[in-house]
Amino acid sequence: MLSVFELLPLSADVFDLATELRAMHGLKTPDALHAACAIHHGCDQIWTNDDRLRHVSGRIAVRIIG
């Protein structure tokens, strides 16, 4: 199952974007990093059970599960 996942590196650009998302949408730091990393690396969607990430849905598709 884990073979379908890819670990993505965190760079200064990802941290900058996370800071922006956190300020714009009131996200907690881990949530902002999750979204920023996915956006930065060109992912087309995020799967999460945290509906607070729906705020970034203008930049990436957010699929709420659970």
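No value in this document is a laboratory result; all are computed from the given coordinates. No experiment lies behind these values; they were computed from the predicted model shown. Because the Cβ atoms are built from the backbone with ideal geometry, glycine has one as well, and the counts that use them run over all protein chains shown.
If r is the Cβ-Cβ distance from His25 to Val4 and R0 is 25 Å, what FRET efficiency results, to the nearest 0.05? Intermediate results must be reported in sequence, preceding the final value.
Numbers: r = 28 Å, r/R0 = 1.11.
About 0.35, to the nearest 0.05.
Counting Lys and Arg as +1 and Asp and Glu as -1, each charge on the Cβ, what is the dipole of the range 12-64 about the Cα centre in debye, to the nearest 20?
Working: 6 positive and 7 negative charges, 35 e Å.
That gives a dipole near 160 debye.
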What's the percent breakdown of Cα-Cα distances in the chain across 5 Å bins, shortest bin first? 3, 19, 30, 27, 15, 5, 1
Multiplying the sequence separation of Cys43 and His55 by 0.36 nm and subtracting their Cα-Cα distance, what value in nm do you get? 2.7 nm
